[in-house]
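Written out below as structure tokens is the structure these notes cover.
Taken together, the values in this text are just the output of simple stated rules run on the coordinates, not laboratory data. Here the structure is a predicted model, which is why all the values come from computation and not from measurement. Here Cβ is always computed from backbone atoms with ideal geometry, including for glycine, and neighbour counts include all displayed protein chains.
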Amino acid sequence: MKTPREKQLELLGRRVELLHTLLRLNADWLRAFVALDMNASENLSSDEQLAAAEIKSIDKQLALADGRHAGPEIRALLNQVALLHAELSRSNQTRKAMLRRVRLSIGALRNLFNSYAPAYTAPAAGATGAICRESV
């Protein structure tokens, strides 16, 4: 049976792994989104949600764990978790900014399309496929 300290170390180690996974998934999502691969970006988003749910579960277990066994290994892992959280926060801010800009661009394109749509007429039926001859 594991001691409370070993259990905390194991949980924190797993949390660090999951944070690395989230950062990787976030970077992969960004590449897929920029490449306009919406299927991949949707799949990566669902993977991110699963990893986040597992982190929440680990956090609940850590909250119930006895905190009196905080040794240097646990402090080092907690410092690593804090650094990963800061990096993940920066990554999420970048993602939010990109999505905000995309939303604004799509809105501008919709406005442009809506303003020109009533004025657009289909080309005349006789003009399509006509061959022009040049006389010299």
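Shape class of the range 4-100 from the alpha-carbon gyration tensor: prolate, with a/c at 1.5 or above and a/b greater than b/c.
When H85, H20 are arranged by Cβ crowding within 10 Å, least crowded first, meaning fewest neighbours, the order is H85, H20.
Cross-link partners for K96 among the aspartates and glutamates, with Cα-Cα distance under 19 Å and sequence neighbours closer than 8 places in the same chain left out: D28, D37, E42, D47, E48, E87. Report the calculated FRET efficiency for T21 and A65 (r = Cβ-Cβ distance, R0 = 30 Å), to the nearest 0.05. The formula returns an efficiency of 0.85 here. Which FRET efficiency value, to the nearest 0.05, do you get for R31 and L83 by plugging their Cβ-Cβ distance into 1/(1 + (r/R0)^6) with R0 = 25 Å? Using R0 = 25 Å, I get an efficiency of 0.60. Note that the range 49-62 has calculated 3J(HN,Hα) couplings of 5, 5, 5, 5, 5, 5, 5, 4, 4, 5, 4, 5, 5, 5 Hz, one per residue in order, obtained from phi through the Karplus relation 6.51 cos²θ - 1.76 cosθ + 1.60 (θ = phi - 60°); glycine and proline are x.
Annotation: amide H of D37 has no partner in the under-5 Å range at sequence separation 5 or more or interchain, hydrogens built in the peptide plane.
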